[in-house]
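Visitor: Below is the structure I would like to discuss, written out as structure tokens.
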Amino acid sequence: GAGVSQSPSNKVTEKGKDVELRCDPISGHTALYWYRQSLGQGLEFLIYFQGNSAPDKSGLPSDRFSAERTGGSVSTLTIQRTQQEDSAVYLCASSPRQKAGHSYNEQFFGPGTRLTVL
Amino acid sequence: DAKTTQPPSMDCAEGRAANLPCNHSTISGNEYVYWYRQIHSQGPQYIIHGLKNNETNEMASLIITEDRKSSTLILPHATLRDTAVYYCIGPSAGNMLTFGGGTRLMVKP
């Protein structure tokens, strides 16, 4: 079946511009996560959506970053007034309803959006 | 959060077993250990997870020590396509994944 998809695959923008990154999770998955990965680094958690609950925004690095998830499916990550340090690969993941007895579920990752801020 | 420690890099000959160690001395008794890998320019891919018992699936085997302070991921017959960064992950508060530096496995012909 279809996996997690993200668009665009690459985005080049100028410093100060706003960008929107899109994630289409696997159908039926209740949880959706955004991470970013700078060159040669591990993943940095940004935000987590679970069903209709309020999102966990604890990883967002500044108020220039925001995300929404409409209808419990598609999510958009918005970065306002982009800075050069925002350049990274932005990864989205989704997971199904949490299994009983597990601390969390397997997460299925999309291919990422490579953002370059000039 | 359970902290994990892995060697930064390892080499393995094609066709041989790759044994990737991970220390997770702070993990508590009911916390799972998960392994993911990330092939260049792709998103991370789930491999396997375990709690106490050794686990095996079509991709790998996971050996967990009795005291649960360390584990080893085994790729029984490594191929060139297994070249990737392998992440051993303990649970974090909430449901996000906390990736450390991982082990960069290079499978050589």
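The values are calculated or read from the model by the stated rules, or taken from the named source; none is laboratory data. Given the structure is predicted, the values throughout are model-derived calculations rather than measurements. Note: ideal-geometry Cβ built from the backbone for every residue, glycine included; neighbour counts use all protein chains shown. Surface areas here come from the heavy atoms of the whole protein model, side chains and all, with no ligands, DNA or RNA. Shrake-Rupley method; radii C 1.70, N 1.55, O 1.52, S 1.80 Å.
Visitor: For chain B, which cysteines have no disulfide-compatible partner, meaning no other cysteine Cβ under 4.7 Å?
Guide: Unpaired cysteines in chain B: B:CYS12.
Visitor: In segment B:1-87, carbon and sulfur make up what percent of the accessible area (probe 1.4 Å)?
Guide: 48
Visitor: May I pose another question? A:THR70 to A:ASN10: extension gain in nm, 0.36 nm per residue of separation minus the Cα-Cα distance? Display every interim value, and only then the final one.
Guide: On the way: separation 60, 0.36 × 60 = 21.60 nm, distance 2.29 nm.
Full extension of this stretch gives 19.3 nm more.
Visitor: Hey, got the dipole for segment B:24-109? About the Cα centre, +1 on K and R Cβ, -1 on D and E Cβ, debye to the nearest 20?
Guide: Value, rounded to 20: 260 debye.
Visitor: Per residue, what accessible area does the protein assembly as shown have, given a 1.4 Å probe and all protein chains present, in Å²?
Guide: So the protein assembly as shown comes to 50 Å² accessible per residue, rounded to a whole number.
Visitor: Which whole-number percent of Cα pairs in segment A:40-83 have a distance greater than 15 Å?
Guide: Details: 452 of 946 pairs.
Looking at segment A:40-83, the distances longer than 15 Å represent 48 percent of pairs.
Visitor: Gap in Å between the Cα centre of segment B:36-109 and the Cα centre of segment A:1-32?
Guide: Here the answer is 25 Å between Cα centres.
Visitor: Taking N as the number of residues in chain B, what value does Rg over Cα atoms divided by 2.2 N^0.38 Å take?
Guide: Output field value: 1.00.
Visitor: Tell me the relative contact order for chain B as a rounded percent, counting alpha carbon contacts under 8 Å between residues six or more apart.
Guide: 37
Visitor: Whose amide H sits under 5 Å from the amide H of B:ILE47, counting only residues 5 or more places off or on another chain, with H placed in the peptide plane?
Guide: Close amide H contacts, sequence-distant or interchain: B:TRP35, B:TYR36, B:ARG37.
Visitor: Give the Cα extents of the protein assembly as shown along the principal axes, in whole Å, largest first.
Guide: So the extents along the principal axes, rounded to whole Å, are 50, 41, 34.
Visitor: Tell me the total accessible area that A and B bury against each other, 1.4 angstrom probe, in square angstrom rounded to 100.
Guide: 1700
Visitor: Another one. Out of all Cα-Cα pairs in chain A, roughly what percent, to the nearest whole number, are more than 18 Å apart?
Guide: I get 48 percent for the Cα pairs in chain A exceeding 18 Å.
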